[in-house]
Structure formats: C-alpha cells, structure tokens
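The structure appears right after this line, and notes come after that.
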Amino acid sequence: MKRPYLVGLTGSIGMGKSETAKMFRRLNIPVYDADAAVHRLYEVGGAAVPHIAEAFPGTVTDGKVDRAELGRRLTEKPDDFQRLEQIVHPLVAHEQRRFLEEAMKDGAELVVLDIPLLFESGGHARMDAVVVVSAPHHIQRERVLARPGMTPDKLDHILARQMPDAEKRAKAHFVVETDKGLDHAFEQVKAVVAALHERRAKGQSAQDA
C-alpha cells in the first residue's frame, strides 16, 4: 500500500495557517492538525494529563491541563519547554501515525500535516513538500494582539521560539500569502494543490527542491 504524499503546512503565529488548512480540507485533502491533537491530549482523559500533572504540579484542574497556568509557568521558566516537549512530542507523533494509517487505508494521494513548529522541530525533513503561510509583520502583530489575553511581551516571547518568517519562506516549496483576503488565498491554495499533484506524479520529494 503506497503512502500518501506528505505535505507540511506551517507558519508563524498569526499568519493565517488555520484558515489555510480549512482551504485544503475544502479541496478534499485530509489535514492532520497538530494543535488539535495537543488539545485532545490536554483534555479530560487525555494521555498527556497525568504526565504534565507530575512534571508541573498545579497545572491540572478538574482532570485537564490548565493551559493558561501552564503557559504562565513556561513564561517564567522558558527552559521547561524542553521538558514539556519530551512529554508531548511522542504522544503527538503517535496521533500522527494513526492519522497517516487511516489516510493510507482511504487511498489518499496527498495529506497535509499542519504543524506549527515544523522547521524548528526538524519535522520538515520527513515531508515531500512544505507550504509556508505568511503575511507582513505588521499584519501578523495586529492579528495576534487582537486575541484575548495576548500582550506584546507574550507575543515577543512566542516569536523568539519561532524561526523568522523570512527564513521559513526561503525554505518553503510553496508560500501562501494571507494578507489579500480569503478568496485570494484560496486561489493560491488551489494552485499549490495542482502543483503538488504534479510533483507527486513525477516522484519529486523535498530533497529535489
């Protein structure tokens, strides 16, 4: 059984990645959402809950991870991010394998893996192609600072852990720009999907650039 063509979808915070992922779904392409997987792992009954409760006492309430409290702890002690990643990454990888197994059974030709820190985690090395979602810096900040509870300091802390947008664009096989409206972005996604099918037919992978 041939595995699907793996397309990594990534982009820094506030670039419009979630909306772009929806556009791939509109084109009937299965999308794995790493953020959604983490949310499930943090909810009541989630596999990450007991491990986080042990590693970060006081961050689990009513059987689920208090994301705000955990975020506050990590802001105070950024070195603990690595400890959290050691808990969460293997569990997310397991979820991803299950997704790929289902997609393979369904005969999917392309799948999109929506992974926020794709480059930062080295996950791009496993992809056949990478799509980066991007917007100008001032629009990114405007979008993110409009979110409840977000502050300039918190945003700067998040961005410090992410590869700069210019570097991501340079490493990408395709870039979707999200500052010109949803219709414009959707036209770009349709063009990307057509190009991905062409790459797949030719047997091109990320190593072929």
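The values are calculated or read from the model by the stated rules, or taken from the named source; none is laboratory data. None of these values were measured; they are calculated from a predicted model. Don't worry about glycine lacking a Cβ; one is built from the backbone with ideal geometry, like all the others, and counts go over all protein chains shown.
The number of residues in the range 161-209 being closer than 30 Å to residue 144 by Cα, surrounded by fewer than 16 Cβ atoms within 10 Å (Cβ to Cβ) and either hydroxyl-bearing (Ser, Thr, Tyr) or over 17 Å from the mean Cα position of the chain (by Cα) (or both) comes to 11.
Is it true that some residue in the range 73-85 is in the same structural domain as residue 22 (by TED's automatic domain parsing), modelled with pLDDT under 90 and assigned to a loop (DSSP other than H, G, I, E, B)? Even if it seems obvious, please write down each step before you answer.
So the first thing to find is which residues in the range 73-85 are in the same structural domain as residue 22 (by TED's automatic domain parsing), and the list is none.
No, the range 73-85 contains no residue that is in the same structural domain as residue 22 (by TED's automatic domain parsing), modelled with pLDDT under 90 and assigned to a loop (DSSP other than H, G, I, E, B).
Scanning the range 49-65 for residues that are outside any helix (DSSP H, G or I) and touching a strand residue (DSSP E or B) at 6+ places or on another chain (Cβ under 7 Å) yields a single hit, 59.
From the set of residues in the range 160-209 that are within 17 Å of residue 122 (Cα to Cα) and basic (Lys, Arg), which is modelled with the lowest pLDDT? Among residues in the range 160-209 that are within 17 Å of residue 122 (Cα to Cα) and basic (Lys, Arg), the one modelled with the lowest pLDDT is 161.
Of all residues being of a type in the set (S, T, N, Q) and part of a helix (DSSP H, G or I) in the range 152-209, which is farthest from residue 7 (Cα to Cα)? Just the residue, please. Lay out the reasoning, then the answer.
Start the filter on the range 152-209 by keeping residues that are of a type in the set (S, T, N, Q), which leaves 162, 178, 188, 204-205, 207.
Next cut, part of a helix (DSSP H, G or I) only: 188, 207.
Working: 188: 15, 207: 13 Å.
Per the criteria, the residue is 188.
Screening the candidates 88, 65, 49, 60 for the property of being outside the structural domain of residue 129 (by TED's automatic domain parsing), under 30 Å from residue 205 (Cα atoms) and crowded, with 18+ Cβ neighbours inside 10 Å yields one hit, 88.
Specify the residue that is surrounded by the most Cβ atoms within 10 Å (Cβ to Cβ); the eligible residues are those in the range 105-125 that are more than 14 Å from the chain's Cα centre (by Cα) and hydrophobic (A, V, I, L, M, F, W, C).
Step one: filter the range 105-125 for residues more than 14 Å from the chain's Cα centre (by Cα), giving 105-110, 125.
From what's left, hydrophobic (A, V, I, L, M, F, W, C): 108, 110, 125.
Values: 108: 17, 110: 21, 125: 11.
Out of the qualifying residues, it is 110.
Looking only at residues that are of a type in the set (Val, Ile, Thr) and over 14 Å from residue 98 (Cα atoms) in the range 18-41, which one is farthest from the chain's Cα centre (by Cα)?
Step one: of the range 18-41, the residues of a type in the set (Val, Ile, Thr) are 20, 29, 31, 38.
From what's left, over 14 Å from residue 98 (Cα atoms): 20, 29, 38.
Details: 20: 11, 29: 16, 38: 11 Å.
My answer is 29.
Scanning the range 126-146 turns up one or more residues that are part of a loop (DSSP other than H, G, I, E, B), surrounded by 14 or more Cβ atoms within 10 Å (Cβ to Cβ), in contact with a Lys or Arg (Cβ under 9 Å, 6 or more places away or on another chain) and acidic (Asp, Glu).
Residue 32 meets the conditions (1) of a type in the set (Ser, Thr, Tyr); (2) in a strand (DSSP E or B); (3) modelled with pLDDT under 90 in every case but one. The failed one is (3).
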